[in-house]
1. Could you list all residues from the range 1-56 that are surrounded by 10 or more Cβ atoms within 10 Å (Cβ to Cβ), over 12 Å from residue 75 (Cα atoms) and acidic (Asp, Glu)?
2. Contact list please: Cβ distance under 8 Å, first residue in the range 57-78 and farther than 14 Å from residue 25 by Cα, second residue among the acidic types (Asp, Glu) and modelled with pLDDT of 95 or more, pairs at least six apart or on different chains.
3. Can you list residue pairs whose Cβ atoms sit under 8 Å apart, with the first residue in the range 11-27 being closer than 11 Å to residue 40 by Cα and the second being polar (S, T, N, Q)? Count only pairs 6 or more apart in sequence or on different chains.
4. Taking strands (runs of 3 or more DSSP E) that do not extend beyond the range 12-78, which have at least 3 residues that are touching a Pro at 6+ places or on another chain (Cβ under 9 Å)?
5. For the range 21-56, give me the residue count where each residue is among the aliphatic types (A, V, I, L, M) and under 15 Å from residue 1 (Cβ atoms).
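The values are calculated or read from the model by the stated rules, or taken from the named source; none is laboratory data. The shown structure was predicted, so the numbers you read here are calculated from the model rather than taken from an experiment. Cβ sites come from the backbone with ideal geometry, for glycine too, and all protein chains shown count toward neighbours.
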Amino acid sequence: MNIQIITPDKTVYEGAVTLVQLPGLDGSFEILNNHAPIISALKAGAVKVKTTDETLLFFDISGGVVEVLNNKVLVLAE
């Protein structure tokens, strides 16, 4: 699946990933390949991304929204 992490200033990360872990308002949750469509609010915390070559990347956000649709994950972060 593909992910875009976007802030008001720039695109922080864009690429193919196998796992995304996000800080939801009610707790952390993960998105895997073929996840059902979802829109969710995010709180401050770290976005964990596992790339297709098994590299783990972490991005700190102070809140935002995530949309998952057709194996595309869009994180609009603050």
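1. Correct list: 30 only.
2. Listed by first residue and then by second, the contacts come to 73/67; 74/67; 76/67.
3. 22/28; 22/40; 24/40; 25/40
4. Qualifying strands (runs of 3 or more DSSP E): 38-51, 56-69.
5. 7
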